[in-house]
Ligand SMILES: Cc1cc2nc3c(=O)[nH]c(=O)nc-3n(C[C@H](O)[C@H](O)[C@H](O)COP(=O)(O)OP(=O)(O)OC[C@H]3O[C@@H](n4cnc5c(N)ncnc54)[C@H](O)[C@@H]3O)c2cc1C
């Protein structure tokens, strides 16, 4: 069976590698000159910068990356983070997200003494969700086989989650929650569920609040090491990963895709196609042949967020901090994003030149249609706000910076080819609105952060495990 994967993001590469291992003939086409997409590492003026993702979770014994590594017999170049996964800096307090569960308990009891019962509920729900994900829970089912497998993947203990189905995380917050506790929860949910507590699905939100204690890693040489390892494994095992191959169009015949045509006018035929793309990008490739369901979806689904980033090259001796990830909320009474909440990641202290990535959520559409000056001013103002936030978490940050680069949703649109620069998958507001991998065409499937469970290298790996199994079931060799 011949598989063509469009895009060498973590989702596309993982699914391709798993199918290659099942005996498929696999080719991955990537528009860029390196793999990883939003989780790539790139070099500029001799400095190594992260494209987006900086913190890798899901490496615990049952975690998706661990399961993929075991199945493929490969090793990702990762080192466990042992102290704090990250620190959230609020105006009045800094909360350490300790990896160690007991230390974390002490932290929340000290910083938020009223919150013990909330965290107990969160941990019970998270356990259910992570156990389901470890059993490749095929949600939402896309085929009859998946629908039949769904009840088997459930266990009686999952029943404790039933009363929370359809609830928002805000309903679970303690009555005594003040603005600080809410901002802490919201900032953490925004980066991991793409929605704050008033909108985030309670079960999903409970599971991602557990991320710091679910095998968080530092990737040696940069986050791109995950994608590089997968791409090298594919090539070493007889598959192909071809760079500078931007797919421009998909050719369809009678409800099936027949070939992908690249900008260089190369034509690749296959039996099955995997699109490591957003629905909007897929619609662009299909043009008039896009199924009505896909056209409707791109018109009606709420947009994904955009990201604004500042990359900094730093004089290492001026930034001695060993905790590498920080999150700053400047005003707990104002909406998050737009520089009011900033996630800051440093490369490890052992690096001779340290680099940092500062990121904040923005509305992608707000960055379209601006004149040259307006765009430059908007970038400069937001970068300035974010640098002030960085200064709060890491005093001396500005003085240590030797080089600054900014990236807006337009930058993401250019480099990752995601329309409008929409990143991070769909906000996880309701399990009933979760998107599966189906596209409306028989032999074309989506993979990546547009499908449930959405964003993060761990999330897209779960999606890839599910899609590889689904395709294996539909097309037995
Ligand atoms: C600022 C930021 C910070 C983040 N932080 C974290 C974090 O700390 N931890 C974490 O786990 N996740 C984080 N994420 C999310 C994570 O990076 C993504 O959810 C994940 O990497 C997306 O993977 P994907 O499989 O959907 O593919 P993408 O990363 O979207 O990759 C798709 C690939 O397809 C290629 N492509 C697109 N169109 C075409 C075409 N027509 N032809 C050929 N190739 C094409 C692109 O070049 C790209 O390489 C962050 C994201 C951003 C933007």
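Bear in mind these aren't lab numbers, they're just calculated from the coordinates by the rules spelled out. This one's a predicted model, so the numbers in the text were calculated from it and none came from an experiment. No Cβ is skipped: glycine too gets one built from the backbone with ideal geometry, and neighbour counts run over all protein chains shown.
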| query | Cα centroids of region 274-295 and region 388-408: how far apart, whole angstrom? | reply | 39
| Of all the C-alpha pairs in region 298-343, what % are more than 16 Å from each other? | 61
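Which order do the peptides 40-53, 419-432, 109-122 come out in when sorted by mean C-beta neighbours inside 10 angstrom, highest first? Intermediate results must be reported in sequence, preceding the final value.
Values: 40-53: 18.6, 419-432: 21.3, 109-122: 15.1.
Per-residue Cβ counts within 10 Å, averaged per peptide and sorted highest first, yield 419-432, 40-53, 109-122.
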| field | Equivalent ellipsoid semi-axes, region 261-350, via Cα gyration tensor eigenvalues times 5, rooted, Å | value | 41, 22, 10
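Indicate the gyration tensor shape class of region 222-300 (rounded, prolate or oblate), computed on the Cα atoms with a ≥ b ≥ c the square roots of the eigenvalues: a/c under 1.5 is rounded; otherwise a/b larger than b/c is prolate and the rest oblate.
Values: a/c = 2.33, a/b = 1.60, b/c = 1.45.
Prolate, since a/c reaches 1.5 and a/b exceeds b/c.
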| Isotropic mean projected area of the C-alpha convex hull, region 162-281 (nm²) | 12.7
| remark: P(r) of the chain over all Cα-Cα pairs, 20 Å bins starting at 0, rounded to whole percent, reads 25, 59, 16, 0
| field | For 96, 326, order by how many other beta-carbon atoms lie within 10 Å, fewest first | value | 96, 326
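Roughly speaking, what is the stretch gain from residue 375 to residue 266, that is 0.36 nm per residue apart minus the C-alpha to C-alpha distance, in nm to one decimal?
Values: separation 109, 0.36 × 109 = 39.24 nm, distance 3.59 nm.
Between residue 375 and residue 266, full extension yields an extra 35.6 nm.
Please report Rg over Rh for region 82-215, where both radii come from the alpha carbon positions and Rh follows the Kirkwood definition.
On the way: Rg = 15.8 Å, Rh = 15.8 Å.
My calculation of the ratio gives 1.00.
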| note | With label points set 7 Å from each Cα along the Cα-to-Cβ direction at residue 303 and residue 162, the distance between them in nm comes to 4.1
| note | Extension length gain for residue 152 and residue 353 (0.36 nm per residue less Cα distance), in nm, is 67.3 nm
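Between residue 363 and residue 296, how high is the FRET efficiency from 1/(1 + (r/R0)^6) when r is the Cβ-Cβ distance and R₀ = 22 Å? Nearest 0.05.
Details: r = 22 Å, r/R0 = 1.02.
Plugging the Cβ-Cβ distance into 1/(1 + (r/R0)^6) gives 0.45.
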| message | Quick check: Cα centre of region 410-477 to Cα centre of region 86-110, how many Å? | response | 32
| message | If neighbour count is taken as other Cβ atoms inside 10 Å, put 108, 204 in order from fewest to most. | response | 108, 204
| query | Kirkwood hydrodynamic radius of region 1-51 from all distinct Cα pairs, in Å? | reply | 11.9
| message | If I take the Cα coordinates of region 49-148 and project them onto the principal axes, what are the three extents in Å, biggest first? | response | 51, 36, 25
| request: Starting from the Cα of residue 405, step 7 Å along the direction of its Cβ; do the same at residue 71; then give the gap between the two resulting points in nm. | output: 3.4
